[in-house]
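For reference, the structure discussed in these notes is given below.
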Amino acid sequence: MTEALYLDATGDEEFEATVERVAGDRVVLDRTLFYPDGGGQPCDTGVLEANDETWTVTDVRKKDTIYHTVDGTPPEEGTTVTGQIDWERRYAHMQYHTAQHLLSAVLLDEYDAQTTGNQLYADRARIDCAYDRFSDEKFEHIESAMNDRIEEGLDVSWYEMERDEAEATLDPERTRIHLLPESIREIRIVEIEAYDRTACAGTHVKNTDEIGEFRITGRETKGSDEERLKFVLE
């Protein structure tokens, strides 16, 4: 199983690894910083380098292990490679993912609206929540609450907890641990100081002051009791 370096070393851009397996145009490494697509966060892209050759990593997926799709003929099994992620893309995903967690906390605190889905990009994001209809005045309040919390400079941290302990001590409306398969017994928690603790395997910035200014750009009604909010960071 590939060691997921991105879970802890979220600020690292480069790493060394060994090719364990080749499957068509995909390679499996013994360790990786490349985040695989999942949880509403797109995969990392970048390059692998070895012996004066360079392979562009165009897609990363996690199935039984983590697969890196590369262009051209992949490096052979046993090759030591240097991986370099596209840091600008990754950092944008970290900003948007942390903003999504903070927005989910604001919506739950202010409107008792649980998050039902989300999708992040490098230049925008959207979040689905259980709420019938937000007025323009409520949008203004959400933007104000978000930017106030961002400017507070709240610390963001992540750590592991035993599932039984997490279920016994954390707010289930926030952690949403019930959505995870019972086979997962060690839970990664992402915490925004004083406001939110959520089960999440994504990458995040270390402080909310890294997020930037939050602005809502639109909405879609997804049914009689669900709204989709679109937002950007500036």
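Just so it is clear, none of the values below were taken in a lab; they were calculated from the coordinates. These numbers were taken from a predicted model, which means no experiment stands behind them. Positions of Cβ are generated from backbone atoms using ideal geometry, with glycine treated the same way; all protein chains shown enter the neighbour counts.
Centroid-to-centroid, using Cα positions, segment 155-225 and segment 1-43 are 22 Å apart.
Computed from label points 7 Å out along Cα-Cβ, the spacing between ARG219 and TYR111 is 0.6 nm. When the P(r) is computed for segment 109-234, the part past 27 Å accounts for 22% of the Cα-Cα pairs. Helices in the chain, meaning DSSP H runs of at least 4 residues, each add -39500 (n - 2.57). Divided by all residues, the mean residue ellipticity at 222 nm is -7000 deg cm²/dmol. In this entry, segment 32-161 is assigned a mean projected area of 10.9 nm², taken as a quarter of its C-alpha convex hull surface. Amide H contacts for THR65 (H built 1.01 Å from N in the peptide plane; partners 5 or more residues away or on another chain; cut-off under 5 Å): none found. Calculated on the alpha-carbon coordinates, the convex hull of the chain measures out at 128 cubic angstrom per residue.
Can you tell me the relative contact order of the chain? Whole percent, Cα pairs under 8 Å, sequence separation 6 or more. That works out to 19 percent.
To make sure I understand the rule: partners must be lysines, Cα under 27 Å from the Cα of LYS222, and not fewer than 8 residues away in the same chain. Which ones qualify? The qualifying lysines are LYS138, LYS230.
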